[in-house]
């Protein structure tokens, strides 16, 4: 996906997006072992899933997204991860009503 789409980075997350052929938004998560042990990685994934679920309604349909967690995501709160994911979606112009969303 990195070769075909665009990637946007912040301190804790990287968002890669590609215009897919599906009618809905598809979101995947990647949390490597560098982030921490299994308990920490699963906590980060749960927090990201909750944030992405809330954003799913405002993202324009037809996008494939991959959210990659960086090491600093391990100590971030759910609110911090959600705010960064929201900011990255705005920078990528994925939100409905954006100039390049459709």
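The values are calculated or read from the model by the stated rules, or taken from the named source; none is laboratory data. Since this is a predicted model, take the numbers as computed values, not measurements. Glycine also receives a Cβ, built like all others from the backbone with ideal geometry; neighbour counts cover every protein chain displayed.
Which of the residues that make up the range 57-76 are closer than 19 Å to residue 14 by Cβ, surrounded by fewer than 17 Cβ atoms within 10 Å (Cβ to Cβ) and in contact (Cβ under 8 Å) with a residue 12 or more places away in the chain? Spell out how you get there, then give the answer.
Step one: filter the range 57-76 for residues closer than 19 Å to residue 14 by Cβ, giving 59, 63-76.
Among the residues that remain, those that are also surrounded by fewer than 17 Cβ atoms within 10 Å (Cβ to Cβ) are: 71-72, 75.
Residues satisfying the conditions are 71, 72.
Among the residues that make up the range 87-95, is at least one of them modelled with pLDDT of 90 or more and more than 16 Å from residue 5 (Cβ to Cβ)?
Taking every residue of the range 87-95 in turn, at least one turns out to be modelled with pLDDT of 90 or more and more than 16 Å from residue 5 (Cβ to Cβ).
Filter the range 44-69 for residues that are more than 18 Å from residue 30 (Cα to Cα) and assigned to a helix (DSSP H, G or I) and give the result.
Within the range 44-69, just 54 meets the criteria.
Can you tell me which residue among 44, 14, 31 is without any contact (Cβ under 8 Å) to a residue 40 or more places away in the chain, touching a helix residue (DSSP H, G or I) at 6+ places or on another chain (Cβ under 9 Å) and surrounded by 13 or more Cβ atoms within 10 Å (Cβ to Cβ)?
44
Go over the candidates 36, 90, 82 one by one and state the one that is out of contact with any strand residue (DSSP E or B) (no Cβ under 9 Å at 6 or more places or on another chain), in a helix (DSSP H, G or I) and crowded, with 18+ Cβ neighbours inside 10 Å.
Working: 36 fails: in a helix (DSSP H, G or I); 90 fails: crowded, with 18+ Cβ neighbours inside 10 Å.
Selected residue: 82, the only one of 36, 90, 82 that is out of contact with any strand residue (DSSP E or B) (no Cβ under 9 Å at 6 or more places or on another chain), in a helix (DSSP H, G or I) and crowded, with 18+ Cβ neighbours inside 10 Å.
Among (1) more than 13 Å from residue 81 (Cβ to Cβ); (2) part of a strand (DSSP E or B), which single condition is residue 15 missing?
Condition not satisfied by residue 15: (1).
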